[in-house]
């Protein structure tokens, strides 16, 4: 989006921060390349497009017309400003001149395109999910399976609302947690010691991984229950 009145619309900015990634390309050089605060202190940055440097917004039009391999290409046009919406699958929709200067029309256009591509997440929700993934991954790396499950559960509980890519991220972590629990189980049942001690350790592991997910328990839970029951009856191994 290059129309400044749109980018200065507070309600549109709030909506944009949650629903789209705004990329601004502007080759003009006749404006300051520094930001000056109320006290006169200057720092590198663009006073027109906050968050970008002038070097970045000047380079973007050329990068969009001649993108790196695998990225969508935006065709040159004589319109100024001109805007496009690029979907995650690389599909490009040029925004009509009258629409690109109307925040409400832009929101309607994006909403319609998002419906066509299926489920999507707002940035706020996406950020929360990423934080839970990071917490789950960190706990798993430390061998804290219960904590890893708790963090993952906060994402997995919304499984019906998740886009396919996010579902795949959840599935990968569920599998990793089950494998980690399976490895602990193999170690304890095949190790040295009396059955009573092994049963105690297996029960501890079962309690650690028995947090129920939306899809049910980890597969290892049933294996643990069966082994504990069989071993108590004298037939374990």
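The values are calculated or read from the model by the stated rules, or taken from the named source; none is laboratory data. These numbers were taken from a predicted model, which means no experiment stands behind them. FYI the Cβ positions are ideal-geometry reconstructions off the backbone, even for glycines, and counts take in every protein chain you see.
Tabulated data
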item: Residue satisfying all of: in region 108-127; loosely packed, with under 12 Cβ neighbours inside 10 Å and in contact (Cβ under 8 Å) with a residue 40 or more places away in the chain; farthest from residue 98 (Cα to Cα) among these; result: 124
item: Test result for residue 52, part of a loop (DSSP other than H, G, I, E, B) and crowded, with 17+ Cβ neighbours inside 10 Å; result: yes
item: Of all residues making up region 182-214, the number that are closer than 20 Å to residue 155 by Cα and in a helix (DSSP H, G or I); result: 1
item: Any chance residue 88 is at pLDDT 80 or above and within 17 Å of residue 21 (Cα to Cα); result: no
item: Some residue of region 96-119 being modelled with pLDDT under 85, under 18 Å from residue 7 (Cβ atoms) and not in a helix (DSSP H, G or I); result: yes
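Quick grid of which residues meet (1) in contact with a strand residue (DSSP E or B) (Cβ under 7 Å, 6 or more places away or on another chain); (2) assigned by TED's automatic domain parsing to the domain that holds residue 209; (3) within 21 Å of residue 206 (Cα to Cα); (4) surrounded by 15 or more Cβ atoms within 10 Å (Cβ to Cβ):
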| residue | (1), (2), (3), (4) |
| --- | --- |
| 129 | no, yes, no, yes |
| 139 | no, yes, yes, yes |
| 147 | no, yes, yes, yes |
| 150 | no, yes, yes, yes |
| 160 | no, yes, no, no |
| 167 | no, yes, no, yes |
| 173 | no, yes, yes, yes |
| 178 | no, yes, yes, yes |
